[in-house]
Amino acid sequence: MSEYIIYLKLDPYLAQWLTHEYGGKIVEFPKNSAENDILELGLMVPPYFAAPNEPGKDKVPIRIPWFKSKNVRFNNYLSHKSRRALAQCIRTRFVIALWNDLYKFGYIGRRKQDLIYAWMESHGIETNEKNWNTIAKIYLRKRNVYREQKRREELRLEQNADNPLNNC
């Protein structure tokens, strides 16, 4: 790994999750990950007008790995659009992790409050009302999409079973 670091601004819950999942003080993505692919694609020589990349509140330090195709001693600047792409990739990975851990509890008839708080604790996210509301909304949206897909699939199967041409 190189000694070059970028600082990426993320929502607090996402920053806490990322730091917990991928490192201690400095985040290092796994080799051949989508995040590293975005870094490799987006890294460039800093333009003359670029502001210095400095740590700040809600900014996560991310170590830039060495790439065969780019010398990170010179290509260590990430444009605004590349930063957005990297943040979106991280958020997508977060949603996938959340869904993979919690989807099996989708048909329990109780509130998910304690379940989501437990998930937050186990993934290094501060357990406060704001974080809980954000994560609960993400989970509920994902669950609603999943239920709609299952409903459409069941409807399609019923329609195919009722079609007499399919029985020939």
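A short reminder: the numbers here are calculations on the coordinates, not readings from a lab. Only a predicted model underlies this, so the values are computations on that prediction, with no experimental measurement involved. We place every Cβ from the backbone using ideal geometry, glycine too, and count neighbours over all the protein chains shown.
Structure summary
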{"quantity": "Estimated [θ] at 222 nm from DSSP helical runs (n ≥ 4, -39500 (n - 2.57)) normalised by residues in the chain, nearest 500", "calculated": "-17500 deg cm²/dmol"}
{"quantity": "Links that overshoot a 32 Å alpha carbon limit, given the list Lys9/Lys150; Lys25/Lys81; Lys59/Lys150", "calculated": "Lys9/Lys150; Lys59/Lys150"}
{"quantity": "Diffusion constant of the stretch 1-87 at 25 °C, which comes from Stokes-Einstein with the Kirkwood Cα-pair radius and 0.890 mPa s, µm²/s", "calculated": "187"}
{"quantity": "Residue list for the stretch 82-101, given a label point 7 angstrom along the Cα-to-Cβ vector of Ala118 and an amide N cut-off under 19 Å", "calculated": "97-101"}
{"quantity": "Residue among Ala51, Ala118, Ala85 with the largest mean-square fluctuation in a Gaussian network model of the chain, springs linking Cα atoms under 10 Å", "calculated": "Ala51"}
{"quantity": "Nonlocal amide H pairs with Lys9, under 5 Å, H built at 1.01 Å", "calculated": "Val60"}
{"quantity": "Partner lysines for Lys68 [C-alpha distance under 16 Å; skip if fewer than 8 residues away on the same chain]", "calculated": "Lys31"}
